[in-house]
Amino acid sequence: MYETHKEHIDKIITRWLKRHLQRLGAEVDLNQLNSLVEDKDMLAENLENWAQQERQEGEKLGIEKTARNLLKLGVLSDEQIAEVTGLALEDVVKLRIEGKR
């Protein structure tokens with residue numbers, strides 16, 4: 001009887017976690033996840049990949065914000081901003097155009 005309750009709780013929590021991550025917009029494939037207990041390695045790998053994607057997106061947004069601030073100062077050329085931020089020159093030009101709108 002104990003195992004039955006444990007399995008039932010596992011299914012409920014697994015289902016909740018999958019829905020919650022989906023609502024958060026997590027771009028992880030959890031279709032094959034049926035049990036947190038049995039599939040914990042797959043879940044850990046998917047969550048690590050998602051966290052890495054989120055970190056990269058955050059870094060990109062931070063770099064773009066820095067480039068926008070440098071553009072507002074008007075002291076550096078697009079080439080210099082690209083060199084300082086690591087952005088492609090084309091991306092700096094796009095940010096400059098967006099800032100003029």
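Nothing in this text is a laboratory measurement; each read-out follows from the coordinates by a stated rule. Keep in mind that what you see is a predicted model, and the values were worked out from it rather than measured. Glycine gets a Cβ as well: all are built from the backbone with ideal geometry, and neighbour counts include every protein chain shown.
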Q | Failed item, numbered, when Ile13 is tested on (1) touching a Phe, Trp or Tyr at 6+ places or on another chain (Cβ under 6 Å); (2) in a helix (DSSP H, G or I) | A | (1)
Q | Pick from segment 1-10, criterion part of a helix (DSSP H, G or I) and not hydroxyl-bearing (Ser, Thr, Tyr), ranking: surrounded by the fewest Cβ atoms within 10 Å (Cβ to Cβ) | A | Glu3
**Q.** Identity of the residue in segment 38-84, exposed (fewer than 11 other Cβ atoms within 10 Å of the Cβ) and aliphatic (A, V, I, L, M), that ends up farthest from Arg23 (Cα to Cα)
**A.** Val75
Q: List every residue pair whose Cβ atoms lie under 9 Å apart, where the two residues are 6 or more positions apart in sequence or sit on different chains, the first residue falls within segment 50-66 and is closer than 21 Å to Val93 by Cβ, and the second residue, located anywhere, is among the acidic types (Asp, Glu).
A: Glu64/Asp91
